[in-house]
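See below for the structure under consideration.
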Amino acid sequence: MKKLLLSSIIVIIGFTFIGRLSYLQLFRFSPDQTFEDPAIKAIYDYPERGYIYDRNGELLVGNQPAYDVMVIPREVKPLDTLEFCGLLGIDKNTFVEKMEKARIYSPRLPSVLVHQLSKEDYARLQEKMRHFEGFYIQKRSLRYYATNSAANVLGYISEVGEWDLKNNPYYRAGELKGRTGIEKQYEEILRGRKGVKFIQKDRFNRDIGPYKDGKLDTLPEQGKEIQITVDKALQEYGEGLMHGKRGGIVALEPKSGEILAMISGPTYDPSLLVGRQRSNNYSTLHYDTISKPTWDRSILAEPSPGSPFKILNALVALQEGVIEPSTTFKCYHGFYVGSTLRGCHCGGGTRDMNTGIFRSCNAYFAGTFRKIYSKYPTTDEGMDVWEKHMKSFGLGGYLGSDLPTGRPGRIPDKAYYDRAYGDNRWASSFIISNAIGQGEVAATPLQLANMTAAIANRGYYYTPHVIKSVGNKGAIDPRYTEPNYTTINRKHFEPIIEGMANVYKYGTAKWLQVPEIEIAGKTGTVENFVRINGERMQLTDHSIFVAFAPVENPQIALAVYIENGYYGARYAGHIASLLIEKYIKGEITRKDLEKRMLEKTLEHEYAKPFSGEPFNINEYVW
Amino acid sequence: MSGRGLFGRIDWLTVFLYLFLVLIGWVNIYSTTLSDPNLSIFDFSTLYGKQLLFIGMAISGVLLVLFIETNFFERFASIFYIISIVLLLGLFPFGRTIAGATSWYDLGFFNLQPSELAKVATALALAKFLSDIQTDIKKPKHQLFAVIIILLPALLILPQPDPGSALIYFSLFFVLFREGFPLYYLAILLFLVILFATTLMFGTVWVAIGLAVLTVLVYTFKKASTKIPFIPVLGIIVVAVLYSLSVNFVYENVFEQRHRDRFALWLSLEKDESKLEEIRKTIGYNTYQSEKAIESGGFFGKGFLEGTRTKGDFVPEQHTDYIFSSVGEEWGFVGTGTVILLFTIFFLRLIHLAERQKSEFNRMFGYGVISILLFHYFINIGMVIGLLPTIGVPLPFFSYGGSGLIFFSMLLFVFLKLDSNRLKDGI
């Protein structure tokens, strides 16, 4: 026993060590630990981010070089501080402060001394740079915007955060990533793929040569350019018209579903989110919680659609066979729900479909709406049919466009009213407001434009999208090239479109005619309420307008939504007409209209609820 | 001297293993300390060059040992021991402090570490005392004296402070056990260590429950014929539980935070990931880096001079105490396995040599040599691969350093010299 004691201990120790070493080297070993190895530094070679062009090939977004002055504190030799500061355009105190900060961060690692020098400063500095040891210039690539519009469509890029790092292994700290709009949606196409070079480092993080003689290194892959469907001229013009107004505009090409313009007001110049002032500007925009410039109203606002929704109710009624274009309803300057009279501004009298549309008669559509429901034995069944028709126009759900954000709007269904009133405790009279696009229905400007495109196409639409082509190939997602058919027969559209054309000829928008272009449109005036300090108050109506033109072979369909713009033909109608003329003719003939829109602002309306004083709404003054 | 020359009947297998281990050690020191591949390996301004010089000095020392008459060591064992003690005492006024420990004499060209010398001397003195015809290891008085021989240098080294070296002296207890020191001392020690660790890991309550369950199991499965008296067993359990409680008290109140951190790291007591991260960066930094380096070697290793963490100098003290991590990274499991195998064969061979001695002194000294080398090997590699807490002792024949290499070599070769002459001893 005592002779074997030490021998056994030696053998046991041997086995224990081998066991532990197998655990470490065989079990815990993972072959791709190159990235975790602190001794191997991966140096990335970033490809240039892809350019973005508009539908006519005009540059929207490119890249610009920026020059950071870097410093490695321990390599700095005594220098002529005054001369150097002069070249950098900073004062001596700032210089001393920044040098100290860099030294505290690390004496061996590079820190940024001055961010993003201007080209002029860079040119002056470049010649003298060799006199200053320990400093060097690092070139970076920033986004460059060839337009001051379309910030909401293009989106912006910013450094990746913790969430991205955790969820996408591609990104490393400090890299840039698309945050909104096109930059986000087509991030992988635009950014390309970075190359990597592995460098052997020591414990002090100094380079001591390439790792494995560069066998694992990869080359960068260029980002691809993207062409989008937006028309730069139309977009810029539209944003000009939105000056001082809040709201959203979406213009589509009906025959393709391409988004020609997507305007949100107020907006911002995309260049604000690039360069030295980026974070200040971002805070300013982000914390403007009253006008919300970063909130894209064209796809996120969900107002009640108002009168444009009437034409859908008419289409459903025609499809269901409950009315004919010649069917008439009597308007008593309103219509009765039970014994209460709901008002109407059409002038009263007997209305058929044509006059019902172009005079926007509430009574006519209330009657139509009731007829749809009375066709079915129960309101529930009527509701299901109505809902199915409405949803076939892309309402009440996400459209599936290639914009990274959006809202579904709302087409209420029977479950919705069951929740509100209780099962079997409501009837069509409860929901009659939906007949005229008030009540519970809601739609984004994009949905309204898409609905208009479906009418322009007489029964189908293409999913709205902004991508036109990627790189040299034109191929885009087949999702955007397949038509979506509505549940309404093609033949029912003609009488409706005739009514919409008459809106311009005789109806609510007759002052807005554009010479030589036949437009079909529909005004909308939407009552709206807000709650301020717990008090519900009514504000000036929203002004809504949908239109497409020309009536035969439509090239453009659009929806304009102007918050508190009063009646439909006022702000929204003006803007819609101008955009149509701009897009089809390329120039504006009615300069008075244009001047009025470019100059008028609605700031006084937006200030009203915050003034703390009683105010009037819906004032006729221009 | 026999007619067979200087080396006599020296055990060539051990010599070969020794040289092989020294060579592997130097190759790894070269890889660890290489900074400019253009310098000659004989450039003595570099650490690997210096180590080459130390190897030369060690071999000279070995030759010197081989020249010396065999019974010189036995005869002067007590003198060596007294000189060592004096040298250790002399450190208090005259010692030179390196890295916080006053363990060296500055000889100008060389820093002498008397604790290394004292290891040889203590092994010799212990062997001499035990082999004395009048010594009876069964007598408590003699047991006590043997223990004093072992612990005296350890007590002098402890306040330097050099707990690692002091700990090494405890290895000499193996010599006592070999010579008839009651084995239950070892059993009790082992029991106390296990109780200590389990108390920290699971708490006194679970330790008590564990002991109770164990007792019940023993009584259930014992043969009906064997009688185990119940009262003493109960007594042991009570003492064990009291000890367990005192462990908690000592751990919380006597130990300092840095000690607690080391135990926490060793026994994986800390479960909080953020605190673990903190430990990895501070107290556990060396172990963490060393484990990572070994882990990254995988089965075949990254190749000679290809170890990224070795090159980047990530493992602190890699050329001295953590040299084994360089083996792990560059030579992989193949390399580490080979080194463990070589050491195991080496030790078993030494035991074989010790057991074949006719002279009791030779055998006991042999055991002393084995115990000292084995303890270094066990503590060092155990620490490097994260099995044991951080205790700074070098890996014999591997670690960079003159004193260590020279005294390890002389320790070994004094024994090999004795072994080569064993046939004459009986005469």
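The values are calculated or read from the model by the stated rules, or taken from the named source; none is laboratory data. Only a predicted model underlies this, so the values are computations on that prediction, with no experimental measurement involved. When we count neighbours, we look across all protein chains shown, and the Cβ atoms used for this are built from the backbone with ideal geometry, even at glycine.
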*Considering every residue within segment B:68-80, establish whether at least one is touching a residue at least 40 places away in the same chain (Cβ under 8 Å), assigned to a helix (DSSP H, G or I) and not hydrophobic (A, V, I, L, M, F, W, C).*
yes
Looking across segment B:351-370 at residues that are farther than 15 Å from residue B:417 by Cβ and hydrophobic (A, V, I, L, M, F, W, C), the single one that is farthest from the other protein chains (Cβ to nearest Cβ) is B:364
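To keep it simple, each residue is scored yes or no on (1) of a type in the set (Val, Ile, Thr); (2) surrounded by fewer than 24 Cβ atoms within 10 Å (Cβ to Cβ); (3) free of Cβ contacts under 8 Å to residues at least 60 places away in the same chain; (4) in a loop (DSSP other than H, G, I, E, B).
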position: A:487; (1), (2), (3), (4): yes, yes, no, yes
position: A:495; (1), (2), (3), (4): no, yes, no, no
position: A:499; (1), (2), (3), (4): no, no, no, no
position: A:502; (1), (2), (3), (4): no, yes, no, no
position: A:527; (1), (2), (3), (4): no, yes, no, no
For helices (runs of 4 or more DSSP H) lying entirely in segment B:196-287, having 3 or more residues that are within 30 Å of residue B:316 (Cβ to Cβ) picks out B:257-266, B:273-281
Within segment A:449-471, the count of residues that are in a strand (DSSP E or B) and either touching a Phe, Trp or Tyr at 6+ places or on another chain (Cβ under 8 Å) or at positive phi (or both) comes to 6
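Look at residue B:372 and say whether it is in contact (Cβ under 8 Å) with a residue 12 or more places away in the chain, surrounded by fewer than 23 Cβ atoms within 10 Å (Cβ to Cβ), within 20 Å of the chain's Cα centre (by Cα) and within 19 Å of residue B:409 (Cα to Cα).
In short, no.
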Those residues of segment A:1-10 which are modelled with pLDDT of 90 or more, facing chain B (nearest Cβ under 7 Å) and either more than 27 Å from residue B:330 (Cβ to Cβ) or within 60 Å of the chain's Cα centre (by Cα) (or both) amount to A:7
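How about segment A:159-237: which strands (runs of 3 or more DSSP E) wholly inside it have at least 3 residues that are away from chain B (no Cβ under 14 Å) and surrounded by 13 or more Cβ atoms within 10 Å (Cβ to Cβ)?
So the answer is A:176-178, A:195-201, A:226-228.
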| message | Looking at segment B:317-325, can you tell me whether even one residue there is of a type outside the set (D, E, K, R), touching a Lys or Arg at 6+ places or on another chain (Cβ under 7 Å) and not in a helix (DSSP H, G or I)? | response | no
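Quick grid of which residues meet (1) closer than 22 Å to residue B:382 by Cβ; (2) at pLDDT below 80; (3) charged (D, E, K, R):
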{"position": "B:194", "(1), (2), (3)": "yes, no, no"}
{"position": "B:199", "(1), (2), (3)": "yes, no, no"}
{"position": "B:209", "(1), (2), (3)": "no, no, no"}
{"position": "B:265", "(1), (2), (3)": "yes, yes, no"}
{"position": "B:269", "(1), (2), (3)": "yes, yes, no"}
{"position": "B:272", "(1), (2), (3)": "no, yes, yes"}
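Inspect segment A:75-89 for any residue being touching a Ser or Thr at 6+ places or on another chain (Cβ under 6 Å) and surrounded by 14 or more Cβ atoms within 10 Å (Cβ to Cβ) and give the result as yes or no.
Looking for residues that are touching a Ser or Thr at 6+ places or on another chain (Cβ under 6 Å) and surrounded by 14 or more Cβ atoms within 10 Å (Cβ to Cβ), one finds none in segment A:75-89, hence no.
Collect the residues in segment A:133-160 that are out of contact with any strand residue (DSSP E or B) (no Cβ under 9 Å at 6 or more places or on another chain) and more than 29 Å from residue A:231 (Cα to Cα), keeping them in residue-number order.
Across segment A:133-160, the qualifying residue is only A:133.
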When segment A:459-488 is checked residue by residue, the ones that are in contact with a helix residue (DSSP H, G or I) (Cβ under 6 Å, 6 or more places away or on another chain) and within 30 Å of residue A:326 (Cβ to Cβ) are A:459, A:461, A:486, A:487, A:488
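Residue-by-condition table, conditions (1) within 27 Å of residue B:92 (Cα to Cα); (2) among the acidic types (Asp, Glu); (3) without any contact (Cβ under 8 Å) to a residue 60 or more places away in the chain; (4) in a helix (DSSP H, G or I):
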residue: B:133; (1), (2), (3), (4): no, no, yes, no
residue: B:150; (1), (2), (3), (4): yes, no, yes, yes
residue: B:161; (1), (2), (3), (4): yes, no, no, no
residue: B:177; (1), (2), (3), (4): no, no, yes, yes
All conditions in (1) under 28 Å from residue A:450 (Cβ atoms); (2) in contact with a helix residue (DSSP H, G or I) (Cβ under 9 Å, 6 or more places away or on another chain) are true of residue A:236 except (2)
Picked from segment A:401-427 (must be touching a Ser or Thr at 6+ places or on another chain (Cβ under 8 Å) and outside any helix (DSSP H, G or I)), the residue modelled with the lowest pLDDT is A:427
If we keep only residues of segment B:230-285 that are in contact with a Ser or Thr (Cβ under 7 Å, 6 or more places away or on another chain) and of a type in the set (S, T, N, Q), then the residue surrounded by the most Cβ atoms within 10 Å (Cβ to Cβ) is B:244
Every listed condition ((1) on the phi < 0 side of the Ramachandran plot; (2) buried (at least 19 other Cβ atoms within 10 Å of the Cβ); (3) touching a residue at least 40 places away in the same chain (Cβ under 8 Å)) holds for residue A:570 save (3)
**Any chance residue B:126 is surrounded by fewer than 17 Cβ atoms within 10 Å (Cβ to Cβ) and away from chain A (no Cβ under 14 Å)** = no
| message | Could you go through segment A:59-76 and let me know if any residue there is away from chain B (no Cβ under 14 Å) and more than 26 Å from residue A:115 (Cα to Cα). | response | yes
So residue B:310, is it assigned to a helix (DSSP H, G or I) and under 16 Å from residue A:200 (Cα atoms)
yes
Of (1) away from chain A (no Cβ under 11 Å); (2) within 22 Å of residue B:421 (Cβ to Cβ); (3) part of a helix (DSSP H, G or I), residue B:376 fails just (2)
Scanning segment B:300-314 for residues that are more than 9 Å from every other protein chain (Cβ to nearest Cβ) and farther than 19 Å from residue A:214 by Cα gives B:300
Selection from segment A:94-135 of residues of a type in the set (A, V, I, L, M), within 10 Å of residue A:71 (Cβ to Cβ) and surrounded by 18 or more Cβ atoms within 10 Å (Cβ to Cβ) yields A:102, A:113, A:114
Going through (1) modelled with pLDDT under 95; (2) surrounded by fewer than 19 Cβ atoms within 10 Å (Cβ to Cβ); (3) outside any loop (DSSP other than H, G, I, E, B) one by one, residue B:332 fails only at (2)
